[in-house]
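A short write-up of the structure that comes next.
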Amino acid sequence: MADMGGYGAAAEREVTAPSLTSRDKILAFTEGNEAFARQIVGEFLRITPPLLEDIKKALEENNVESLKGYCHRIKGNLAYLGEDRIINIVSEIDCNSVTSAELRLFFIEMGKMLQRLAREWDLPFCLSSSV
């Protein structure tokens, strides 16, 4: 095979763009408006813990319709924040094919993400120990 000035080797390697952080995605969504981005994150930090409690309650009561509604709502919020990995976990819950280990992972990851967002945006936040 002829050498094509380095193009052959580059073509064989997988080229991936650096992944954007959640902060980058939020700022892109708000067209760089940091004040608006902080407002979005602050609202997310305010409404999410009660929503997680609702998800836990729906799971305990085996209330599939409520569970689907809560999961749909949280997925929309996570999409604005660019939290694709957690969206995938919520999708599993929404599909009702989730294991207890996946549920634990969901609540752990949500807690970590909420704390990270509060820290990154310098916003007050305290996660209840029951979530």
Once both label points are put 7 Å beyond Cα along the C-beta direction, the residue 35-residue 84 separation in nm becomes 3.2 nm
Expected vector for the range 115-125, Karplus 3J(HN,Hα) from phi with 6.51, -1.76, 1.60 and θ = phi - 60°, integer Hz, x for Gly and Pro, equals 5, 5, 4, 4, 5, 4, 9, 6, 10, x, 6
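For a footprinting-style exposure proxy, rank 21, 30 by other Cβ within 10 Å, fewest first.
On the way: 21 12, 30 16.
Fewest-to-most Cβ neighbours within 10 Å comes out as 21, 30.
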The size of the Cβ-based charge dipole (Lys, Arg +1; Asp, Glu -1) of the range 20-120 about the Cα centre, to the nearest 20 debye, is 240 debye
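I'd like the FRET efficiency for residue 20 and residue 115, computed as 1/(1 + (r/R0)^6) with the beta carbon distance as r and R0 of 30 Å, rounded to 0.05. Don't jump to the answer; show the numbers that get you there.
Working: r = 20 Å, r/R0 = 0.67.
Taking R0 as 30 Å, the efficiency between residue 20 and residue 115 is 0.90.
If you average the sequence gap of Cα pairs under 8 Å that are 6 or more apart and divide by the length of the range 20-120, what percent do you get for the contact order? Before the final figure, lay out each step's value.
Working: 64 pairs, mean separation 30.2, N = 101.
With pairs under 8 Å counted, the relative contact order is 30 percent.
Taken together, the values in this text are just the output of simple stated rules run on the coordinates, not laboratory data. Keep in mind it's a predicted model, so treat the numbers as computed, not measured. All Cβ positions, glycine included, derive from the backbone under ideal geometry; neighbour counts span all protein chains shown.
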